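> My questions all concern the structure below.
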């Protein structure tokens, strides 16, 4: 689906539209990409390295690599892409934030990124920055490219733009791509709503469609001959506690809620078994290189017993209380499927232990600023989509409270957690990061500022004939096109 038509073909303009990101992934390569473990590896670059002080990234471009028009891809294109991403002409705020303060220079075939401070997630950032053919453009030409993003530029990915109109973009193989695609032409139909796209799928006028929610997937699979390939994303969903609130300030209550929630039941029920996988710690299941997550611990009986032992007595109305404080809370959730259904499932699971939860849906646009950042919530649930890296400092470091981050729990500052987060964020050594991630997970579990619920999955649903090559098992939505050059039809 696309919000504006004609659609931007510049993946750094209008990045709020997922279709722009997806089409950009077909047209342009990044310096790095995520491998099957969710770890950064070379893509357009041939290699990359990091200085001993973790401040300098050096990325080497291979010789004789070309744009679709035959022009060479140079370090000047990389430098110009970074400058464009940081300019007012681009609309890629997440990337711009990650690049702010980074000095980029090029010499020969090497691009050098000088960071203001060590940041291990920068490699993952480079997987999210498509390189554009901007190096040889004059200032007026750059302005023109920004002013007219619907006009195609030369590409580096498997496909080039054959034509682009209000209702469709037609792609043809890039003659200079390192791997020539098997399928000679793709027509990407542009729809404003999922319902319109689903109807076209059911009528056979389109052959594949992305389902991002369990409901969307279920509806598409009712079409005869439909089959799905799923990917685990780098996102995560959690239930957040506001520790300013009486009752939730008690770690016993937070831990009891954590062990009363059955994540497997949430995935099987609210997510229909296909919309996600359970997540027991702060790291997305879409980043398996970080290490295995803790085993899910579920015991409503233990939760009830612990609450009772700590003075939380069951009342006649089925709600526990201690003196004048009741364990009765409102759970705020953005009105985006499937979160309200998940929230109601969690509320139902907590009722037997004496925690009464009322679900309240909030307009998505105001949820972050009006609910979470303002602290105007008791319990809250959301799905987060960070850079595909285990650095979760923006969510849990003591000084990451809004507007500097997303630590909305207002818990007591923990210098040990901050130190572990710093190691995870700054270390360039993979083994050291894995060790730091284990420390972070243990310390967050000890304090329990949130209950991590699941990692969302997305599915590509095909009609017959379906591609012969499967989707990657992990990655952001656009990663479904990673191996598109090898696709065929059967």
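Conditions (1) closer than 30 Å to residue 424 by Cβ; (2) over 23 Å from the mean Cα position of the chain (by Cα), marked per residue:
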residue: 286; (1), (2): yes, no
residue: 291; (1), (2): yes, no
residue: 308; (1), (2): no, yes
residue: 320; (1), (2): no, yes
residue: 323; (1), (2): no, yes
residue: 341; (1), (2): no, no
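> Being in contact (Cβ under 8 Å) with a residue 12 or more places away in the chain and in contact with a strand residue (DSSP E or B) (Cβ under 8 Å, 6 or more places away or on another chain) is the filter; apply it to the stretch 84-111 and report the residue that is surrounded by the fewest Cβ atoms within 10 Å (Cβ to Cβ).
My answer is 105.
> Checking the condition touching a helix residue (DSSP H, G or I) at 6+ places or on another chain (Cβ under 6 Å) and modelled with pLDDT of 95 or more, which residue from 284, 337 passes? I'd like the intermediate steps shown before the answer.
Numbers: 284 fails: touching a helix residue (DSSP H, G or I) at 6+ places or on another chain (Cβ under 6 Å).
Going through 284, 337 in turn, the sole match is 337.
> Another question, then. Taking the criterion of being in a loop (DSSP other than H, G, I, E, B) and buried (at least 22 other Cβ atoms within 10 Å of the Cβ), would at least one residue in the stretch 356-373 satisfy it?
Going residue by residue through the stretch 356-373, those that are in a loop (DSSP other than H, G, I, E, B) are 363, 373.
With buried (at least 22 other Cβ atoms within 10 Å of the Cβ) added as a condition, the list becomes none.
For the stretch 356-373, residues in a loop (DSSP other than H, G, I, E, B) and buried (at least 22 other Cβ atoms within 10 Å of the Cβ): absent.
> Next question, about the same structure. State whether one or more residues within the stretch 92-107 are closer than 26 Å to residue 174 by Cβ, out of contact with any helix residue (DSSP H, G or I) (no Cβ under 7 Å at 6 or more places or on another chain) and either assigned to a loop (DSSP other than H, G, I, E, B) or modelled with pLDDT under 95 (or both). Outline the logic, then answer.
Taking the stretch 92-107 first, the residues closer than 26 Å to residue 174 by Cβ are 92, 95, 104, 106.
From the residues that got through so far, the ones that are out of contact with any helix residue (DSSP H, G or I) (no Cβ under 7 Å at 6 or more places or on another chain) too are none.
No, there is no match, as no residue in the stretch 92-107 is closer than 26 Å to residue 174 by Cβ, out of contact with any helix residue (DSSP H, G or I) (no Cβ under 7 Å at 6 or more places or on another chain) and either assigned to a loop (DSSP other than H, G, I, E, B) or modelled with pLDDT under 95 (or both).
> Among the candidates 16, 51, which residue alone is out of contact with any helix residue (DSSP H, G or I) (no Cβ under 9 Å at 6 or more places or on another chain), surrounded by fewer than 21 Cβ atoms within 10 Å (Cβ to Cβ) and assigned by TED's automatic domain parsing to the domain that holds residue 126?
51
> Mind checking which pairs have a first residue in the stretch 366-388 that is touching a residue at least 60 places away in the same chain (Cβ under 8 Å) and a second that is surrounded by fewer than 19 Cβ atoms within 10 Å (Cβ to Cβ), Cβ under 6 Å, 6 or more apart or different chains?
These pairs meet every condition: 378/245; 378/330.
> Go over the candidates 167, 221, 190 one by one and state the one that is under 29 Å from residue 336 (Cα atoms) and at pLDDT 95 or above.
Details: 167 fails: at pLDDT 95 or above; 190 fails: at pLDDT 95 or above.
None of the other options fit; the residue is 221.
> Still on this structure: If we scan the stretch 77-86, do we find a residue that is modelled with pLDDT of 95 or more and over 22 Å from residue 149 (Cβ atoms)?
Checking the stretch 77-86: not a single residue is modelled with pLDDT of 95 or more and over 22 Å from residue 149 (Cβ atoms).
> I've got another one for you. Within the stretch 452-462, does at least one residue satisfy the condition of being under 28 Å from residue 21 (Cβ atoms), touching a strand residue (DSSP E or B) at 6+ places or on another chain (Cβ under 6 Å), outside the structural domain of residue 255 (by TED's automatic domain parsing) and not in a strand (DSSP E or B)?
No - not one qualifying residue is present in the stretch 452-462.
> Would you check if there is a residue in the stretch 61-80 being buried (at least 21 other Cβ atoms within 10 Å of the Cβ), part of a strand (DSSP E or B) and in contact with a helix residue (DSSP H, G or I) (Cβ under 7 Å, 6 or more places away or on another chain)?
no
> Quick one: in the stretch 472-481, of everything that is surrounded by fewer than 21 Cβ atoms within 10 Å (Cβ to Cβ) and touching a strand residue (DSSP E or B) at 6+ places or on another chain (Cβ under 8 Å), which residue is nearest to residue 244 (Cα to Cα)?
Per the criteria, the residue is 477.
> Further question on the same structure: Residues that are within 21 Å of residue 90 (Cβ to Cβ): list the strands (runs of 3 or more DSSP E) wholly contained in the stretch 119-195 that include at least 1 such residues.
Working: elements: 159-164, 168-173, 186-189.
Answer list for the stretch 119-195: 159-164, 168-173.
> Also, quick follow-up: Of all residues being without any contact (Cβ under 8 Å) to a residue 24 or more places away in the chain and surrounded by fewer than 20 Cβ atoms within 10 Å (Cβ to Cβ) in the stretch 153-173, which is nearest to residue 44 (Cα to Cα)? Just the residue, please. Please lay out each step first, then the result.
In the first step, residues of the stretch 153-173 are kept if they are without any contact (Cβ under 8 Å) to a residue 24 or more places away in the chain; the result is 162-163, 168, 170, 172-173.
Within this subset, residues satisfying the condition of being surrounded by fewer than 20 Cβ atoms within 10 Å (Cβ to Cβ) are 162-163, 168, 170, 172.
Numbers: 162: 22, 163: 25, 168: 28, 170: 24, 172: 20 Å.
Step by step, filter the stretch 153-173, then rank; the result is 172.
> Still on this structure, please answer the following. Just checking, which of 234, 246 is in a loop (DSSP other than H, G, I, E, B) and crowded, with 18+ Cβ neighbours inside 10 Å?
Values: 246 fails: crowded, with 18+ Cβ neighbours inside 10 Å.
None of the others qualify; the one that does is 234.
> Another one. Would you mind finding the one in 402, 465, 415, 449 that is surrounded by fewer than 17 Cβ atoms within 10 Å (Cβ to Cβ), more than 30 Å from residue 219 (Cβ to Cβ) and either in contact with a helix residue (DSSP H, G or I) (Cβ under 6 Å, 6 or more places away or on another chain) or in contact (Cβ under 8 Å) with a residue 24 or more places away in the chain (or both)? I'd like the intermediate steps shown before the answer.
Values: 465 fails: more than 30 Å from residue 219 (Cβ to Cβ); 415 fails: either in contact with a helix residue (DSSP H, G or I) (Cβ under 6 Å, 6 or more places away or on another chain) or in contact (Cβ under 8 Å) with a residue 24 or more places away in the chain (or both); 449 fails: surrounded by fewer than 17 Cβ atoms within 10 Å (Cβ to Cβ).
Of the residues listed, the single one that is surrounded by fewer than 17 Cβ atoms within 10 Å (Cβ to Cβ), more than 30 Å from residue 219 (Cβ to Cβ) and either in contact with a helix residue (DSSP H, G or I) (Cβ under 6 Å, 6 or more places away or on another chain) or in contact (Cβ under 8 Å) with a residue 24 or more places away in the chain (or both) is 402.
The values are calculated or read from the model by the stated rules, or taken from the named source; none is laboratory data. None of these values were measured; they are calculated from a predicted model. In this analysis, Cβ positions are derived from the backbone assuming ideal geometry, glycine residues included, and neighbour counts consider all displayed protein chains.
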